[in-house]
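Notes follow the structure.
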Amino acid sequence: MIEQIDAPMATFFSSCVHCGLCADACLFYTETQDPKYTPIHKLAPMRRVWQQEFTFWGKLLSKLGLSKPVTDAELAEWEPLVYDSCTLCGRCSMVCPVGNDIAYMVRKMREGMVASGHAPDGLKEATRRSIELGSPMGVTINTLKAHIKHTEQETGLPVPLDQEGADYLLVLSSAEIANFSEIIPAVTRIFHQARVSWTMASDGFEATNSGIQIGSSDLAAELVNRIVKAAERLKVKYVISPECGHAYTALRWEGPNLIGRRYPFEVVHIIELLDQLRSAGRLRTEGMDDTRMTFHDPCQMVRRGGVIDQPRNLLNMVAPNFVEMPDAGIQNWCCGGGGGVSANPRADELRLKVFSRKKSQLDAIKVSTVVTSCSNCRSMLEEGLEHNHMDLNVIGLTELIAEHLAPAEK
Amino acid sequence: MDTQQLMDFVRGPGLQFAAAVFVLGMVYRMLHLILLGRKKNLAEPRGGEWGPGLRTIWHRSIQSVGLTPRGHFIIIVGYVFHFGFLITLLFLSQHIDLLRTLLRFGWPALPPGLITIAAILTIGAMIALLVHRFTDPVKRLISDYQDYLTWTLTFLPLLTGIMLKQGIGLGYQQMLIVHITTVELLLIAIPFTKLAHMLTTLSARWYNGAIAGYKGVKV
Amino acid sequence: MDHETLGDRLAQQGISRRAFLKFCTAMASLMALPPGTATAIAEALIKAKRPSVIWLSFQECTGCTESLTRSYSPTLESLIFDMISLDYHHTLQAASGTAAEAARETAMKENYGKYLVVVDGSIPIGNPGYGAHGGVSFVDHLQQTVKGAAAIIAVGTCAAFGGIPNAKPNPTGAVSVSDLIKDKPIINISGCPPIPAVITGVLAHYLTFGELPELDDLGRPKSFYGETIHDRCYRRPFYDQGKFAKSFDDEGARNGWCLFELGCKGPTTHNACATTKWNGGTSFPIESGHGCLGCSEPHFWDAGSFYTPLSAPTVNIATIAAGAAVAGAGIAVALGVADRAKKRRAQQAHEKMTVKDL
């Protein structure tokens, strides 16, 4: 943990005045009213490390043997707080009056936790599978190839694989390949219409980064490197980050820092790209879906990623009855499953309980469809809606656009 | 030591010591935090750092992300405390006399009656916040001895100031000595406690805004 | 020395009974005694045998004597000299040299245990060369003279607290009477100089009741020193309204506003100036436009500038603060280097995590 203390961390610890406002921003507190889920409380052991190692009085008291060192048992006690009740959604970071980026702090605390062996078993397994098998869900290149074949048959369009010199390399999340494979024909048709030069890579198709979720920069770096190497091998100009929240954080924002060098390519979120195509006139739709629908903002894409207006621009092309839910945009509430929580069966009960927040947002606007751009959010929404006996459709944004594609120009 | 000598001490060497500890402590704290540094960010920025960082410094004071009644209470009463404290500190004539000797310039004072009102509101806010800290489950869990110590050290100058001004309690001279002493204790404690947030909030908010601004998010 | 009663003396001087009663009433009210006491004072004083008073002057400027004796017309204050038998006083006595000392010794012998000693001026305990009467150091002179005294009245801040000679660096080692004499009742009538009526009032009290009046913790009579100038100042409403003169002769000053910002020490000074005033009730410093110097308080000369307000520091803070800032920066850099090294060591000790560690 000592490694992780940088200027922001130390400043944040110095500034916290114990006001407790972060609790009201965190859905794990608001939906349970259990004070132990207060975001800054999740950092208590690390705060003591900072105090004892980096402050004047802390160091003095430490040397005199008057301070309580952080014990392994304590870290074990904190593990469920750090992993089950935090999705790194970052809402707390927006509300803290002294400016603490608490999600940043939890991310760094996880480095120390996982290094000392403290992480949920489910997440450890997912990470192991990622490293050893190539995907947290165990999806292999064969599964992908099967989907590719199916797509080519269904659309009559080619799906480039390992095409050197293409402009864009598309990577996917396992969740999409396994559960929402309609993404593949969707992008195939869109890219065909918009005349995008693209490919996928057989040695670098998995975007999900369990290393980020569990908090191990070393493991996260290994996973990102696979994509980087594939991108370099195929000499692409851009890598497309798919509809997956933490994949975007991993690839776009943490990636170069994990591997220690700048990319020779640019990273663009699929929704960013679609919006670019829209504003260049290359993406054309026809027809409307006048269902009353809303957009769930994936935390890592919107608040922590910066892709905020683009989904709205796209929805306005096809959805005249699009309404924003309360707190939409960068203030939106987490689906409850990000940051590794969905890979952690121990957290299921808590996760479903706190879905009541999303439920109340949806109840307020009475829509029949929720659109989103993250396959994990999508699964979480489906599960949560079912758990609450709510009869709403959940659909991916790329899919929705693809459904309304105007025919390609000859 | 008689009363007069005690008064000379708190207006003289005592104040020098407290001011020295305060200035040294705050400069050390701010600089030390910044010097810990950050790893250079190798990702391609979508936005700048300085602009968004500065923006968050002021914007965080006016933004409130969908607050609960509890959150509204904390923020409103918190503002009453901070503004009341600053008004009392900066706009009472006698305080301006003090600051003028340090800064070499002064400014107009507010009528003493208004200051009394401000001080009383501040004291009321502090008491409300203390009660909240004792009764709210979140605050009870995350509060430690430092919260109560800093509350006391902040409360005493306000209380003794009102007593001095309104002629309650000890005579003027003794009350003045007590008041100045409580201020000196507070000054000494600030750099070593969470009260350092009076300066570190600036850099914390800057980091927050910069990290988000890098990604193109305005917080 | 004569020991006529006061009544005899007054009759000789042609002081009417009416004038005398007026004096007693004034004294009673000055000391906040009940109105009926005026009669008691009158009856006591008429019959009073004039006690012997030995006035010792040490490191003084004679201002206290001047205050008491300066008058444009015979005032009530001067009557006090008719109530006592002033047997020794450097400025006022006719005799000098050995004759004067002989007078003092005779008064002491004849009134042993009953005479009053009045002291003005501070006493140097350093080199006796700083102060001696006819070869006898002030310290010795004081200690010899008070041996048979009933009480000692320290008149003026010098005698009461050390006063101006006592101010830093105090080259003569000046001390107050109470610093030297521990076994006699002492009453401090501080002020630089004290208000004449205060001296008179204390003596009248002693003559009437045979004991010193109630004293505060600095040995001053509470009836005159029980309140601060601030609490009785006629400009107090301006203080309460926040109307302050910012400089001498500015508009606020000409409007008679409070002089706090010009350094007035009224709030911390105990004396009767605001009510009894000076020169027969003509005025007092604040009324004349200058802040109170705090001259009836100990160490008033060392309490910072007379023009620094009470809420401001008496010493230079800015330089210390600047030095502290530099020191703080230096320590931050030094500790910052150490802490970054600690971090670097932790990073170097970082064992790269592999999947086996999960």
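In the set A:G20, A:G90, which member is without any contact (Cβ under 8 Å) to a residue 40 or more places away in the chain and at positive phi?
On the way: A:G90 fails: without any contact (Cβ under 8 Å) to a residue 40 or more places away in the chain.
Among A:G20, A:G90, only A:G20 is without any contact (Cβ under 8 Å) to a residue 40 or more places away in the chain and at positive phi.
If only one of C:T172, C:T208, C:T268 is hydroxyl-bearing (S, T, Y), more than 21 Å from C:C64 (Cα to Cα) and touching a Gly at 6+ places or on another chain (Cβ under 9 Å), which one is it? Checking each option against the conditions leaves just C:T268.
For the range A:80-111, the tally of residues that are open to solvent by 10 Å² or more (accessible area, probe 1.4 Å) and either assigned to a helix (DSSP H, G or I) or more than 14 Å from chain B (Cβ to nearest Cβ) (or both) stands at 10. Every condition in (1) open to solvent by 40 Å² or more (accessible area, probe 1.4 Å); (2) over 18 Å from B:E184 (Cβ atoms); (3) within 7 Å of chain B (Cβ to nearest Cβ) is met by C:I320 except one, and the failing one is (2).
Taking only the range C:110-153 into account, find how many residues are in a strand (DSSP E or B) and either open to solvent by less than 20 Å² (accessible area, probe 1.4 Å) or touching a helix residue (DSSP H, G or I) at 6+ places or on another chain (Cβ under 7 Å) (or both).
Going residue by residue through the range C:110-153, those that are in a strand (DSSP E or B) are C:115-120, C:122-124, C:132-133, C:136-137, C:149-153.
When the remaining residues are screened for being either open to solvent by less than 20 Å² (accessible area, probe 1.4 Å) or touching a helix residue (DSSP H, G or I) at 6+ places or on another chain (Cβ under 7 Å) (or both), the result is C:115-120, C:122-124, C:132-133, C:137, C:149, C:151-153.
Residues in the range C:110-153 being in a strand (DSSP E or B) and either open to solvent by less than 20 Å² (accessible area, probe 1.4 Å) or touching a helix residue (DSSP H, G or I) at 6+ places or on another chain (Cβ under 7 Å) (or both): 16 in total.
Does the range A:184-204 contain any residue that is within 14 Å of chain B (Cβ to nearest Cβ) and in contact with a His (Cβ under 6 Å, 6 or more places away or on another chain)? So that I can check it myself, show each step before the final result.
Kept after step one, since they are within 14 Å of chain B (Cβ to nearest Cβ), are these residues of the range A:184-204: none.
Scanning the range A:184-204, I find no residue that is within 14 Å of chain B (Cβ to nearest Cβ) and in contact with a His (Cβ under 6 Å, 6 or more places away or on another chain), so the answer is no.
Set side by side, the residues C:D179, C:D183 differ, and just one is under 24 Å from B:T3 (Cα atoms), acidic (D, E) and in contact (Cβ under 8 Å) with a residue 12 or more places away in the chain, which is C:D179. Annotation: C:K265 fulfils all but one of (1) touching a Cys at 6+ places or on another chain (Cβ under 6 Å); (2) modelled with pLDDT under 95; the unmet one is (2). Within the range A:147-164, the set of residues being out of contact with any Pro (no Cβ under 9 Å at 6 or more places or on another chain), closer than 22 Å to A:R282 by Cα and either in a helix (DSSP H, G or I) or open to solvent by less than 50 Å² (accessible area, probe 1.4 Å) (or both) comprises A:P160 only. Here B:L153 does not fit the description of being surrounded by fewer than 18 Cβ atoms within 10 Å (Cβ to Cβ), on the phi < 0 side of the Ramachandran plot and in contact with a helix residue (DSSP H, G or I) (Cβ under 8 Å, 6 or more places away or on another chain).
If I ask for residues that are aliphatic (A, V, I, L, M) and within 12 Å of another protein chain (Cβ to nearest Cβ), which ones from the range A:284-339 would you list?
A:M301, A:V302, A:V307, A:I308, A:M325, A:A328, A:I330, listed by residue number.
Against the definition (in contact with a strand residue (DSSP E or B) (Cβ under 7 Å, 6 or more places away or on another chain), open to solvent by less than 30 Å² (accessible area, probe 1.4 Å), farther than 20 Å from A:L273 by Cα and within 14 Å of chain C (Cβ to nearest Cβ)), how does A:G134 come out, yes or no? When the stated conditions are applied, A:G134 passes them. Within the range C:214-257, the set of residues being within 19 Å of B:W107 (Cβ to Cβ), part of a helix (DSSP H, G or I) and touching a helix residue (DSSP H, G or I) at 6+ places or on another chain (Cβ under 9 Å) comprises C:Q241, C:G252.
Does the range B:177-186 include one or more residues that are within 13 Å of chain A (Cβ to nearest Cβ), touching a residue at least 60 places away in the same chain (Cβ under 8 Å) and among the hydroxyl-bearing types (S, T, Y)? Show your work before the answer.
So the first thing to find is which residues in the range B:177-186 are within 13 Å of chain A (Cβ to nearest Cβ), and the list is none.
No.
For the range C:331-358, the set of residues classified as within 14 Å of chain B (Cβ to nearest Cβ) and in a loop (DSSP other than H, G, I, E, B) consists of C:H350 only. Pairs meeting the criteria (first residue in the range C:263-282 and in a loop (DSSP other than H, G, I, E, B), second residue open to solvent by 40 Å² or more (accessible area, probe 1.4 Å), beta carbons under 6 Å, at least 6 apart or on different chains) are C:G263/C:F306; C:G263/C:Y307; C:A274/C:R232; C:T275/C:R232.
In the range A:1-42, the qualifying residues are those that are touching a Phe, Trp or Tyr at 6+ places or on another chain (Cβ under 8 Å) and hydroxyl-bearing (S, T, Y), and the one that is farthest from B:F134 (Cα to Cα) is A:T11.
Condition first: within 31 Å of the chain's Cα centre (by Cα) and open to solvent by 30 Å² or more (accessible area, probe 1.4 Å). Now tell me which residues in the range A:45-57 satisfy that. So that I can check it myself, show each step before the final result.
In the first step, residues of the range A:45-57 are kept if they are within 31 Å of the chain's Cα centre (by Cα); the result is A:45-50.
A:R47, A:R48, listed by residue number.
C:L259 passes every criterion in (1) over 30 Å from A:A220 (Cβ atoms); (2) facing chain B (nearest Cβ under 8 Å) apart from (2). Which one is surrounded by the fewest Cβ atoms within 10 Å (Cβ to Cβ), of the residues in the range A:262-280 that are away from chain B (no Cβ under 14 Å) and in contact with a strand residue (DSSP E or B) (Cβ under 7 Å, 6 or more places away or on another chain)? Here the answer is A:L273.
Yes/no per residue for (1) in contact with a Phe, Trp or Tyr (Cβ under 8 Å, 6 or more places away or on another chain); (2) in a helix (DSSP H, G or I):
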position	(1), (2)
B:Q146	no, yes
B:M163	no, yes
B:I180	no, yes
B:L185	no, yes
B:I190	yes, yes
B:M198	no, yes
B:W206	no, yes
B:V217	no, no
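The condition (being more than 30 Å from A:Y248 (Cβ to Cβ), touching a residue at least 40 places away in the same chain (Cβ under 8 Å) and either more than 7 Å from chain C (Cβ to nearest Cβ) or under 21 Å from the mean Cα position of the chain (by Cα) (or both)) is satisfied by just one residue among B:V27, B:V10: B:V10. Of C:V177, C:V198, which residue is buried (at least 21 other Cβ atoms within 10 Å of the Cβ), touching a Ser or Thr at 6+ places or on another chain (Cβ under 8 Å) and not basic (K, R)? Sole residue among the options that is buried (at least 21 other Cβ atoms within 10 Å of the Cβ), touching a Ser or Thr at 6+ places or on another chain (Cβ under 8 Å) and not basic (K, R): C:V198.
Here the range B:34-79 is the region considered, the condition is being more than 7 Å from every other protein chain (Cβ to nearest Cβ) and more than 26 Å from the chain's Cα centre (by Cα), and the residue that is nearest to A:P97 (Cα to Cα) is B:E49. Where helices (runs of 4 or more DSSP H) fall wholly inside the range A:293-399, the ranges with 1 or more residues that are open to solvent by 30 Å² or more (accessible area, probe 1.4 Å), in contact with a Lys or Arg (Cβ under 9 Å, 6 or more places away or on another chain) and of a type in the set (S, T, N, Q) are A:310-318. When restricted to residues that are in a helix (DSSP H, G or I) and either within 30 Å of the chain's Cα centre (by Cα) or over 18 Å from C:F209 (Cβ atoms) (or both), the range C:22-56 contains 16.
The single condition from (1) closer than 29 Å to A:V236 by Cβ; (2) surrounded by 24 or more Cβ atoms within 10 Å (Cβ to Cβ) that A:I184 fails is (2).
The values are calculated or read from the model by the stated rules, or taken from the named source; none is laboratory data. All values derive from a computational prediction rather than experimental measurement. All Cβ positions, glycine included, derive from the backbone under ideal geometry; neighbour counts span all protein chains shown. The accessibility values were calculated without ligands, DNA or RNA, using every heavy atom of the protein model including side chains. Shrake-Rupley method; radii C 1.70, N 1.55, O 1.52, S 1.80 Å.
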